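Chemist: Below you'll find the structure I mean.
The values are calculated or read from the model by the stated rules, or taken from the named source; none is laboratory data. Predicted model only: the values in this text are computed from it and were never measured. Positions of Cβ are generated from backbone atoms using ideal geometry, with glycine treated the same way; all protein chains shown enter the neighbour counts.
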Number of protein chains: 4
Amino acid sequence: MARIKVGVLGATGSVGQRFVQLLEDHPWFEFGALFASERSVGKRYREVAKWFLPSEMPEEAAEMVIRSMEDIGASDSDDDIRIMFSALPGQVASNVEKRCAEAGYVVCSNVSVHRMEKDIPLVIPEVNADHLALIEVQQSIRGWDGFIITNPNCSAIMLTLSLKPLMRFGIQGVQVSTMQAVSGAGYAGVPSMAILDNVIPFIEREEDKMESETLKLLGTLEGSAITNAPFTVCASCHRVMVMDGHTEAVWVTFEEPVGVDEVKQAFRDFRSDFKTPFAPEKPIILREERDRPQPKLDRDAGKGMSVSVGRVRDGRMKNAIKYIALGHNTIRGAAGASILNAEVLLQRGYV
Amino acid sequence: MARIKVGVLGATGSVGQRFVQLLEDHPWFEFGALFASERSVGKRYREVAKWFLPSEMPEEAAEMVIRSMEDIGASDSDDDIRIMFSALPGQVASNVEKRCAEAGYVVCSNVSVHRMEKDIPLVIPEVNADHLALIEVQQSIRGWDGFIITNPNCSAIMLTLSLKPLMRFGIQGVQVSTMQAVSGAGYAGVPSMAILDNVIPFIEREEDKMESETLKLLGTLEGSAITNAPFTVCASCHRVMVMDGHTEAVWVTFEEPVGVDEVKQAFRDFRSDFKTPFAPEKPIILREERDRPQPKLDRDAGKGMSVSVGRVRDGRMKNAIKYIALGHNTIRGAAGASILNAEVLLQRGYV
Amino acid sequence: MARIKVGVLGATGSVGQRFVQLLEDHPWFEFGALFASERSVGKRYREVAKWFLPSEMPEEAAEMVIRSMEDIGASDSDDDIRIMFSALPGQVASNVEKRCAEAGYVVCSNVSVHRMEKDIPLVIPEVNADHLALIEVQQSIRGWDGFIITNPNCSAIMLTLSLKPLMRFGIQGVQVSTMQAVSGAGYAGVPSMAILDNVIPFIEREEDKMESETLKLLGTLEGSAITNAPFTVCASCHRVMVMDGHTEAVWVTFEEPVGVDEVKQAFRDFRSDFKTPFAPEKPIILREERDRPQPKLDRDAGKGMSVSVGRVRDGRMKNAIKYIALGHNTIRGAAGASILNAEVLLQRGYV
Amino acid sequence: MARIKVGVLGATGSVGQRFVQLLEDHPWFEFGALFASERSVGKRYREVAKWFLPSEMPEEAAEMVIRSMEDIGASDSDDDIRIMFSALPGQVASNVEKRCAEAGYVVCSNVSVHRMEKDIPLVIPEVNADHLALIEVQQSIRGWDGFIITNPNCSAIMLTLSLKPLMRFGIQGVQVSTMQAVSGAGYAGVPSMAILDNVIPFIEREEDKMESETLKLLGTLEGSAITNAPFTVCASCHRVMVMDGHTEAVWVTFEEPVGVDEVKQAFRDFRSDFKTPFAPEKPIILREERDRPQPKLDRDAGKGMSVSVGRVRDGRMKNAIKYIALGHNTIRGAAGASILNAEVLLQRGYV
């Protein structure tokens, strides 16, 4: 099978670099083009990306000449790119992504700007792949040849994946307190002077995202619209001095009593119903050690695509359970999430 | 007024050093003796304490010769020490503290071993100074000339102080997720290899302590016994790479709706009804900035004796409020707490 | 004595905040004005400074309205400021400082831009206060009513102070390897993603500064010019994950053999010949412990104005000694250095 | 080829775990036995090793029952282990290693205790594989069937590898200032309270090791003895808050002028003359970026077996060059070094 050409929008930033790293040697996709801001256009990726990942910059990407996003959708565009991965900063993402979709590209976006729009799927394939049916709605409403699908905010992904197998017990409410890695804020997002020997108990708009995106993800597609999951999520979000890996302390209140062992078994049994290169064998890994999961030890589980859970215990409140969830915020929580979405789109014939 | 002589039990450890540091130049107390394990006995404090606090070791303490705890209560003991501050490791604390109390000393203990015993006061003066009435009960039951009083676990102190002004609204439940400093585990407690670039979502026995001590502290003295506060506390405790200062994300559920502004005002209005050297002018400091309190910026507020709260906001669950509380774990949460207890005992005539 | 009014140029940045912090309640100086970039002009300091120091923002400064640097030297300027402390970014410092000097102000600058100019004194008072005689040269050449004096780069200050007492042994060469704190780069200078679990073996222009400034500081004033000290300094500069405090491993090669004890005695005996509020009683503190000085334990010595040295030992090369030097980079190494310079100017009648 | 059975002495500690991790799936070696202290004997490795590496504990090792070192060499020992890797703490290493050698095992030791003995090879294969000829001398003198070979201290390895290609220019002296990772001290070696926001400018016996081992390694085998390299090494050793990877600032003084480009070319050209599983294709990797090598980005180069060098520049002193060297201290600097030694022994017929 010939590999499909993909583009990366915003390829030089923190998430953009992860896209470039993860797409190297992908069995289904190959680099078609890298896009970045105008001041980088025309230069080689090697020259403009201040590479900060431990692995070496992929050779093929390094030699690519950065293309301008302004040309996208221009009449004479004759590239053979099919999928655009978007890691753009919020303020410019909206226009570019829409132009891409209009021009016929499939946009797999990691950006928040379109996530909550009614006709745009917000998807974690193991959770709500059926929401992809919104694509037709979207194309019909907007008259686009292509379309946009999105993956959630990093911290919402870990939470939602861990909640999915618990849905059948009847969730009444969720409270979550996060300890988030600095990479979530982008390369220059958290100055060392701000976080060394410190905790910052605030991340802009993060609590809102967790509280709203989770409910859309766990919602049900009825006709041409999503009905949100019928409970409340309340988040308290905090930045800690960790490079990669968001840790979340979760309380789930159920409608009926649910035992610790039932919850553990639900975590253990959880599997996805599809196989793609980035799909981890176990989307959820249950750790039984009393002090796991930990970012340093567990963030790379399933090549960074598994969410690890542990410390499942009585939540002490009525019908409550508490546990810890953890995942790699720039792999499962960002670039890897978009790539997994693209794989599932391809597998299901949307690309 | 002549200063009262005090001893420090376990003077070389992490909390012991804080006692020594904080007692230097105390207007009411002076060093009577320093006690440590047998291998240090007979040597100068300067020789045996591996001092790790940024300030210099107090000169007076440095020259003191470590005394043995085995002599305490021996017939020929003729020192004029009145108060013993205890920073002993749990396993040896019980015996030594009891022998001290039996021998007529007032023991102000930072150790957990006796905290939950029915006739031993567990006290934060701004919260439940009236529980000191248990002293008489204790002396009567045990036939001691002296007595033991205790202060809570570091993370319970921050939480309980912040809950005290909210008691009048009718608390139904409390959930708390902590991000705790490494100094809480003692000097060698957390290896750098364990915590660098990491979060450890487990602290031995910490959740139990927070869940039980808080309710005793907020309980009511009825006759000769404490009735626990009538709600549930549920804690999830985590270690982060911070030197000093525990940060806590708190959800409080009330019996009736309570507004964010009411809670803020309750925090603002909270004052203690006593003045002593270690009593902070404001036991609770309300921060209005959207990203405060932070350990690095707020742990030293009120010379480390104030608890800072902030980010008071709607808890989204029924009748719930969420906020952040923060305090210095080895000052307000340990040595400073014991010293404040001693000051209040002295002021109220118990010493 | 009425206090002298001072201005701070660039008051909102990292070094600017240190100036504001250190000048609070200064016995000789009081705030006359705070200056910052145009977008802050007209607003209160409280509104525009993202305060990041653990102590609270000084009340008096907090309420001051930021003034524009463009007005400085305008004909109608009628403030009574005498001294301007400069913490401007390099690119704008040159013009503003010159305009200040021309307008009659005394400029005590922490900025590098003018340090190596022949007629501008580069001064550490304990090292080369006699170089202040260049002020007359400067005023005569430039026709200024005021003048500019500068203090060295942070890492050069620690090194030079430690070399001063060794000059009499005849220095032939100096090699220094630094481990520098992140605060030296300004608030946003070092992203946490760059330095967490890392060392960055490069600091822009730092090695040049150490190698050139040290020799001017230790040089001799002959007539109206400085002759550099007659040896070579070679620096290797590295950033480590420390908030404040630069640590330097130093090798000094002498013309003749010099013993470890002689060097220690020279450090012990070193005193300044003046007393001012910011002058530490001991400019150099010799630590005898085998693992000192350390940033966390020693940076605040002498209120951050002392340089701590330790581990003096045989340098193994011919006539060589090696030792560790350490100082607070934003106090002794920046704002405190400028303030000390101003104090000495005042004491010697230059203001 | 059947794989050779190997034992790991001290398998539960920090370096022991690295041995277990690196030996998993080794093409030439397989686990024969794991040894640890008496309190672990008889239990499964899974139960006694507090695994702290990010990868999962190798399954095969996890199920192995810890054996006692006291049985080694007992008459009834009939295992088929050929090579013993030693990661024992210094105080017990000497006896056990000697008993192993006497009993006919080949001991590849990472321990310092025997490194400087005249008849025991201290080897980095790319540097001085010819020193293996000492094995015969050792067996003849000591009457052993087996023998002991050692690899150097972690910080000496990075330095020596980088010096090897420079030997032909005629080295006159070496000064090195290290910034060493906490993993070098073992799991509990550096408390977080000691190193957070700090530098510790002292590592026990480290400077001695660097100064002596380097000269033996670069020495020449003449007859049955090593003559040390004829120059002086002077080290200043410091601990910084980095997990893995020692960074070293090096000055080399040559007998004649040597240009920066010549040194770079010597680094670029350096290759080993053997191929084994752990031998990196490039023992030395020259980085040309101005801010490399960095621990986080370069420690894993060559699967942790390459030393990265960079910032080669004029050393300013007569005939001097300065540069930065960096390597993974627990792979190239410890367990990987021993394994590479074993591979070369096997390839050359010593096993």
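Chemist: For segment C:217-232, check the following and say yes or no: at least one residue is in contact (Cβ under 8 Å) with a residue 12 or more places away in the chain, within 11 Å of chain D (Cβ to nearest Cβ) and either part of a loop (DSSP other than H, G, I, E, B) or of a type in the set (A, V, I, L, M, F, W, C) (or both). I'd like the intermediate steps shown before the answer.
Modeler: At the first step, the residues of segment C:217-232 found to be in contact (Cβ under 8 Å) with a residue 12 or more places away in the chain are C:217-219, C:221, C:224-226, C:228-229, C:231-232.
Among the residues that remain, those that are also within 11 Å of chain D (Cβ to nearest Cβ) are: C:231-232.
With the extra rule that they be either part of a loop (DSSP other than H, G, I, E, B) or of a type in the set (A, V, I, L, M, F, W, C) (or both), the set shrinks to C:231.
Yes, the conditions are met somewhere in segment C:217-232.
Chemist: Output the residues belonging to segment C:316-335 that are within 11 Å of another protein chain (Cβ to nearest Cβ) and at pLDDT 95 or above. Talk me through it step by step, then tell me what you get.
Modeler: So the first thing to find is which residues in segment C:316-335 are within 11 Å of another protein chain (Cβ to nearest Cβ), and the list is C:316-318, C:320-326, C:330.
Listed by number, the residues that qualify are C:320, C:321, C:322, C:323, C:324, C:325, C:326, C:330.
Chemist: Take the residues in segment B:248-287 that are of a type in the set (Gly, Ala, Ser) and over 21 Å from residue B:336 (Cα atoms); name whichever of them is nearest to the other protein chains (Cβ to nearest Cβ).
Modeler: At the first step, the residues of segment B:248-287 found to be of a type in the set (Gly, Ala, Ser) are B:249, B:259, B:266, B:272, B:279.
Filter again for over 21 Å from residue B:336 (Cα atoms), leaving B:249, B:259, B:266.
On the way: B:249: 4, B:259: 17, B:266: 20 Å.
That would be B:249.
Chemist: Can you name the residue in segment D:315-327 that is assigned to a loop (DSSP other than H, G, I, E, B) and surrounded by 22 or more Cβ atoms within 10 Å (Cβ to Cβ) and, of all such residues, is farthest from the chain's Cα centre (by Cα)?
Modeler: D:317
Chemist: Looking at A:185, A:156, A:194, A:235, can you tell me which residue is without any contact (Cβ under 8 Å) to a residue 24 or more places away in the chain and either more than 14 Å from every other protein chain (Cβ to nearest Cβ) or out of contact with any Cys (no Cβ under 6 Å at 6 or more places or on another chain) (or both)? Working first, answer last.
Modeler: Numbers: A:185 fails: without any contact (Cβ under 8 Å) to a residue 24 or more places away in the chain; A:156 fails: without any contact (Cβ under 8 Å) to a residue 24 or more places away in the chain; A:235 fails: without any contact (Cβ under 8 Å) to a residue 24 or more places away in the chain.
After ruling out the rest, the residue left standing is A:194.
Chemist: Among the residues of segment B:57-92, how many are of a type in the set (D, E, K, R), surrounded by 13 or more Cβ atoms within 10 Å (Cβ to Cβ) and part of a loop (DSSP other than H, G, I, E, B)?
Modeler: The qualifying residues number 2.
Chemist: Moving on to the next point. Taking residue D:250 as the residue in question, decide whether it is over 19 Å from residue D:159 (Cβ atoms), in contact with a helix residue (DSSP H, G or I) (Cβ under 7 Å, 6 or more places away or on another chain) and of a type in the set (A, V, I, L, M, F, W, C).
Modeler: It is false that residue D:250 is over 19 Å from residue D:159 (Cβ atoms), in contact with a helix residue (DSSP H, G or I) (Cβ under 7 Å, 6 or more places away or on another chain) and of a type in the set (A, V, I, L, M, F, W, C).
Chemist: Moving on to the next point. Of all residues in segment A:36-56, how many are surrounded by 18 or more Cβ atoms within 10 Å (Cβ to Cβ) and either assigned to a loop (DSSP other than H, G, I, E, B) or in contact (Cβ under 8 Å) with a residue 40 or more places away in the chain (or both)?
Modeler: The number of residues fulfilling the criteria is 2.
Here's the yes/no breakdown for (1) away from every other protein chain (no Cβ under 13 Å); (2) part of a loop (DSSP other than H, G, I, E, B); (3) not hydrophobic (A, V, I, L, M, F, W, C):
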residue	(1), (2), (3)
D:289	no, yes, yes
D:313	no, no, yes
D:337	yes, no, no
D:342	yes, no, no
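Chemist: Please verify whether residue C:30 is part of a strand (DSSP E or B) and more than 19 Å from residue C:111 (Cα to Cα), treating the condition exactly as stated.
Modeler: Considered against the rule, which asks whether it is part of a strand (DSSP E or B) and more than 19 Å from residue C:111 (Cα to Cα), residue C:30 comes out as yes.
Chemist: Do we have any residue at all in segment C:82-94 that's under 19 Å from the mean Cα position of the chain (by Cα), in the same structural domain as residue C:124 (by TED's automatic domain parsing) and among the charged types (D, E, K, R)?
Modeler: No: zero hits.
Chemist: On to the next question. Of (1) in contact with a helix residue (DSSP H, G or I) (Cβ under 6 Å, 6 or more places away or on another chain); (2) modelled with pLDDT of 95 or more, residue D:82 satisfies all except one. Which?
Modeler: It is condition (1) that residue D:82 fails.
Residue-by-condition table, conditions (1) among the aromatic types (Phe, Trp, Tyr); (2) closer than 30 Å to residue A:183 by Cα:
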| residue | (1), (2) |
| --- | --- |
| C:159 | no, no |
| C:172 | no, no |
| C:187 | yes, yes |
| C:197 | no, yes |
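Chemist: If you don't mind, another one. Return yes when residue C:141 is under 23 Å from residue C:222 (Cα atoms), buried (at least 24 other Cβ atoms within 10 Å of the Cβ) and among the hydrophobic types (A, V, I, L, M, F, W, C) and no when it is not.
Modeler: When the stated conditions are applied, residue C:141 does not pass them.
Chemist: Hey, can you tell me all the residues within segment D:98-133 that are among the small types (Gly, Ala, Ser), surrounded by fewer than 24 Cβ atoms within 10 Å (Cβ to Cβ) and not in a loop (DSSP other than H, G, I, E, B)?
Modeler: Of segment D:98-133, the ones among the small types (Gly, Ala, Ser) are D:101, D:103-104, D:109, D:112, D:129, D:133.
Next cut, surrounded by fewer than 24 Cβ atoms within 10 Å (Cβ to Cβ) only: D:103-104, D:112, D:129, D:133.
Matches in segment D:98-133: D:129, D:133.
Chemist: Then there's this: I need the full set of residues from segment B:233-263 which are in a loop (DSSP other than H, G, I, E, B) and either charged (D, E, K, R) or in contact with a Leu (Cβ under 7 Å, 6 or more places away or on another chain) (or both), in order please. Write out each step before concluding.
Modeler: Within segment B:233-263, the first condition is being in a loop (DSSP other than H, G, I, E, B), and the residues that meet it are B:237-238, B:240-245, B:255-259.
Answer for segment B:233-263, where residues must be in a loop (DSSP other than H, G, I, E, B) and either charged (D, E, K, R) or in contact with a Leu (Cβ under 7 Å, 6 or more places away or on another chain) (or both): B:241, B:243, B:244, B:245, B:255, B:256.
Chemist: Could you please let me know if residue D:7 is modelled with pLDDT of 95 or more, surrounded by fewer than 16 Cβ atoms within 10 Å (Cβ to Cβ) and within 22 Å of residue D:79 (Cα to Cα)?
Modeler: Numbers: modelled with pLDDT of 95 or more: yes; surrounded by fewer than 16 Cβ atoms within 10 Å (Cβ to Cβ): no; within 22 Å of residue D:79 (Cα to Cα): yes.
For residue D:7, the condition - modelled with pLDDT of 95 or more, surrounded by fewer than 16 Cβ atoms within 10 Å (Cβ to Cβ) and within 22 Å of residue D:79 (Cα to Cα) - is not met.
Chemist: Scan segment D:199-216 for residues that are in contact (Cβ under 8 Å) with a residue 12 or more places away in the chain and closer than 15 Å to residue D:177 by Cα and jot them down.
Modeler: Initially, segment D:199-216 is screened for residues in contact (Cβ under 8 Å) with a residue 12 or more places away in the chain, giving D:199-203, D:205-207, D:209-216.
Within segment D:199-216, D:199, D:200, D:201, D:202, D:203, D:205, D:206, D:207, D:209, D:210, D:211, D:214 meet the criteria.
Chemist: Separate question: Among the listed residues D:207, D:213, identify the single one that is among the charged types (D, E, K, R), assigned to a helix (DSSP H, G or I) and surrounded by 24 or more Cβ atoms within 10 Å (Cβ to Cβ). Outline the logic, then answer.
Modeler: Numbers: D:207 fails: surrounded by 24 or more Cβ atoms within 10 Å (Cβ to Cβ).
Just one listed residue meets the conditions, D:213.
Chemist: Return yes when residue A:274 is buried (at least 20 other Cβ atoms within 10 Å of the Cβ) and touching a residue at least 40 places away in the same chain (Cβ under 8 Å) and no when it is not.
Modeler: no
Chemist: Within segment D:1-23, how many residues turn out to be more than 21 Å from residue D:70 (Cβ to Cβ), in contact (Cβ under 8 Å) with a residue 60 or more places away in the chain and not in a helix (DSSP H, G or I)?
Modeler: 1
Chemist: Quick check: anything in segment A:160-178 within 30 Å of residue C:244 (Cβ to Cβ), within 11 Å of another protein chain (Cβ to nearest Cβ) and in a loop (DSSP other than H, G, I, E, B)?
Modeler: Looking through segment A:160-178, none of the residues is within 30 Å of residue C:244 (Cβ to Cβ), within 11 Å of another protein chain (Cβ to nearest Cβ) and in a loop (DSSP other than H, G, I, E, B).
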